[in-house]
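**Q** I am attaching a structure below and will ask some questions about it afterwards.
Bear in mind that the values in this text are calculations on the coordinates, not laboratory data. Source: prediction; values computed, not measured. We place every Cβ from the backbone using ideal geometry, glycine too, and count neighbours over all the protein chains shown.
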Amino acid sequence: MSASASERANLRGQPIRRVVIVGGGTSGWMAAAALARMAPPDLSITLVESDEIGTIGVGEATIPTLADFNAFLGVDEDDFVRQTQATFKLGIEFVDWGRMGERYLHPFGVHGHPTPEFKFHQLWLRLVHWAGDDPERRALVGDLGDYNVGTVAARLGRFSRPQAGVHNVLSTIRHAFHFDAGLYARYLRAYAEARGVVRLEGMVVGAQQRPQDGFFEAVRLRDGRVIEGDLFIDCSGFRGLLINGVLGAGFIDWSRYLPCDRAVAVPYERTAPPDPFTRATADLAGWRWRIPLQHRMGSGYVYCSDHLSDQAATDRLVSQAEGRLLADVRPLRFTAGLRERFWVKNCVAIGLAGGFLEPLESTSIHLAQMGVARLILLWPDLAFGQAEIDEYNTAARLEYEQIRNFIILHYKATRRVDTEFWRRCGAMQIPDGLAHKIELFASSGRVFRFQDDLFTEDSWLAVMLGQGVRPQGYDRLVDRIAHDELLTNMGRLKDVVLKSALSLPAHQTFINTHCRGATGIAPA
Ligand SMILES: Cc1cc2nc3c(=O)[nH]c(=O)nc-3n(C[C@H](O)[C@H](O)[C@H](O)COP(=O)(O)OP(=O)(O)OC[C@H]3O[C@@H](n4cnc5c(N)ncnc54)[C@H](O)[C@@H]3O)c2cc1C
């Protein structure tokens, strides 16, 4: 053991008393709010942010885990929706991804009824094989989305929160939100400051490190202030001011799998009721997002600069706006990938400072949330045990890899060949684990969730089928059920799902009734 390590071992059991968070974007304020919620009374939390630098200002679509985060904070969901001008999200609609003219929904929540013996989708696949190319039979069986109440409600523009009762199809609804990122940061800031977090405005220009081991002792601001701490959380965005700028944690570049490296974003006036889903439309060299909020529509174009100029992307985005533009078009640049280590010494990178996977499945805010949750689970003492640090880094890497693979699937499993970009995606080499997953599904429709993969079997199914991966066979054990009985039961279930979705209010009506923001939607 080196001298510095043995000195640190003497600090075993001694609590962290001062946390310094650098950065006040969504990640910084999520970290501040969660720690303020958990902190013992003698833990001081200081957040430094620079108005001059500002935040990235995008990041409006989420996944259902955000509701868990809000619940952990103890905030009232209606209040949160009102304050952030949020709408509800039942999934993502993918347009033109498999082939031009095709669309599918990746919903949250399950398809059909889980049975103890069989996977539901295998029952459905059996009927799909029976139906073959016969249009009448195919209509009878329907697509897998017909058995997911979130998908059907989304198609109808309806929404409600899940209802009670295990046998009630409406209990399987899962929802997330679209929100104004700036308002969410403000919301969390109010929460955190009310619980003792101190916010400092200022530009961090340097850090002081312990000579013996390089652990941070303080950060220095441009105006000369020195902010001391025991634990430093780097939420400084892409620049990774501490984790990379000072500690040189390195970056693993995944652009060979996810080649999109730029985006342009612009909000516009919303001209129709808000859909309860995000839309992701595949375009010439990437895809466009459309995110309905109460007070506006968020839009953007994520693209690959090898295949499209900034001007062409901007023109394309602007030409697709359905209402008056509300701001200038904002350009953004990024590289897909992650830090070799998220946690080094007494510094943990959370949010964009730690890594970035493009927003196709709205996972960045979730990754920041998991970064905070994992830090709380492995909360260190002043000794900063290497075992905890290693555990954090290993788990974070695995999580990024699993999400990366799911996003790659959308690009790889395309049948589009109309542009150089899509031909490149269809031909690209993909990670072995993902290749195996696609082969297994194409063979017998089997899909398994690996470890703590964020995406459930239902998610993999929705995207594989939506992209056009067609299983050649199915699990023959489901042949045990008599054909007529299966057909009747599936038909009944499809009916129940449709009737249940039809019983829900319009999304806009739901918002107006429960959680309309100050300048939100006009009455339905
Ligand atoms: C095109 C695009 C679309 C996206 N869409 C989504 C989406 O739909 N859903 C989703 O979940 N995520 C999305 N994301 C990601 C999302 O925007 C981020 O995960 C989220 O905003 C968190 O960012 P952050 O807080 O880590 O960084 P930032 O917002 O960049 O905040 C960095 C903070 O650090 C501060 N700072 C930096 N340097 C200094 C300094 N020297 N001194 C003091 N302060 C400093 C800044 O002032 C700022 O407060 C998207 C990202 C991109 C690029």
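**Q** Below 10 angstrom from the Cβ of ASP475, what's the summed charge of the other residues (Lys, Arg +1; Asp, Glu -1)? Let's see the in-between values first.
**A** Numbers: positive: LYS119, ARG126, ARG446, ARG476; negative: ASP479.
My count for the surroundings of ASP475 gives +3.
**Q** For the stretch 262-333, state the average projected area of the convex hull of the C-alpha atoms over all orientations, rounded to one decimal in nm².
**A** Values: hull surface 17.6 nm².
Mean projected area of the Cα convex hull: 4.4 nm².
**Q** With 28 Å as the cut-off, how large is the P(r) tail for the stretch 219-367, expressed as percent of Cα-Cα pairs?
**A** Values: 3672 of 11026 pairs.
Here the long-distance tail beyond 28 Å is 33 percent of all Cα pairs in the stretch 219-367.
**Q** Can you give the helix-only mean residue ellipticity at 222 nm for the chain, where every DSSP H stretch with n ≥ 4 adds -39500 (n - 2.57) and the sum goes over all residues, rounded to the nearest 500 deg cm²/dmol? Show your work: numbers first, answer last.
**A** Details: 16 runs with 189 residues, N = 524.
For the chain, the value works out to -11000 deg cm²/dmol.
**Q** Could you tally the net charge around GLU102, taking each other residue with its Cβ under 14 Å from the Cβ of GLU102, Lys/Arg +1 and Asp/Glu -1? It would help to have the intermediate numbers written out before the result.
**A** Numbers: positive: ARG99, ARG103, ARG279, ARG415, ARG416, ARG470; negative: GLU93, ASP96, ASP143, ASP418.
Residues close to GLU102 contribute a combined charge of +2.
**Q** Quick check on the exposure proxy: order HIS167, HIS129 from fewest to most C-beta atoms within 10 angstrom.
**A** HIS167, HIS129
**Q** For CYS235, CYS304, what ranking results if the residue with the fewest other Cβ atoms within 10 Å of its Cβ goes first? List each step's numbers first, then the result.
**A** Working: CYS235 33, CYS304 20.
Result, fewest neighbours first: CYS304, CYS235.
**Q** Considering the Cα trace of the stretch 12-150, what is its radius of gyration and what is Dmax, both in angstroms?
**A** Calculated on Cα positions, Rg and Dmax stand at 23.2, 71 Å.
**Q** Same structure again: Quick one: length gained pulling GLU52 to SER319 fully straight, 0.36 nm per residue minus the C-alpha distance? If you can, show how the numbers build up before the last one.
**A** Values: separation 267, 0.36 × 267 = 96.12 nm, distance 3.15 nm.
That works out to 93.0 nm of additional length.
**Q** I need the semi-axes of the equivalent ellipsoid of the chain: take the C-alpha gyration tensor, multiply each eigenvalue by 5, square-root it, list largest first in whole angstrom.
**A** On the way: eigenvalues 337, 133, 114 Å².
Semi-axes from the Cα gyration tensor: 41, 26, 24 Å.
**Q** Shifting gears a bit: Viscosity 1.306 mPa s, temperature 10 °C: what is the translational diffusion coefficient of the stretch 298-444 from Stokes-Einstein with a Kirkwood Rh over Cα pairs, rounded to a whole number of µm²/s?
**A** Details: Rh = 18.1 Å.
Translational D for this selection: 88 µm²/s.
**Q** Another question about this same structure. Find how much the distance from ALA373 to GLU340 grows on full extension, using 0.36 nm per residue of separation minus their present alpha carbon separation; answer in nm with one decimal.
**A** Values: separation 33, 0.36 × 33 = 11.88 nm, distance 1.96 nm.
Separation in residues times 0.36 nm, less the Cα-Cα distance, equals 9.9 nm.
**Q** Additional query: For the stretch 456-524, what is the convex hull (Cα atoms) projected area averaged across all directions, in square nanometres?
**A** Numbers: hull surface 32.2 nm².
So the Cα hull casts an average projection of 8.1 nm².
**Q** Provide the gained length on full extension for the span LYS499 to ARG470, in nm with one decimal, where the gain is 0.36 nm per separating residue minus the Cα-Cα distance.
**A** Taking LYS499 through ARG470 to full extension adds about 7.6 nm, to one decimal.
**Q** Given +1 on the Cβ of Lys and Arg, -1 on the Cβ of Asp and Glu, and no further charges, what dipole in debye does the stretch 262-333 carry about its Cα centre, rounded to the nearest 20?
**A** Working: 10 positive and 8 negative charges, 35 e Å.
Using Cβ point charges on Lys, Arg, Asp and Glu, the stretch 262-333 gives about 160 debye.
**Q** How much net charge surrounds ARG270 when only other residues with a Cβ under 11 Å from its Cβ are counted (Lys, Arg +1; Asp, Glu -1)?
**A** On the way: positive: ARG290, ARG296, ARG324; negative: GLU269, ASP275, GLU322.
Net charge in that neighbourhood comes out at 0.
**Q** Counting only residues 5 or more places away or on other chains, whose amide H sits under 5 Å from the amide H of ASP283 once H atoms are built in the peptide plane?
**A** Here ARG288 satisfy the definition.
**Q** If you don't mind, there's one more thing I want to ask. Search the structure for amide H atoms under 5 Å from the amide H of ASP261, placed 1.01 Å from N in the peptide plane, and list their residues when 5 or more places away or on another chain.
**A** TYR303, CYS304, SER305
**Q** Still on this structure: Excluding same-chain residues fewer than 8 positions from LYS437, which lysines have a Cα within less than 25 Å of its Cα?
**A** Result set, ordered by chain and number: LYS119, LYS412.
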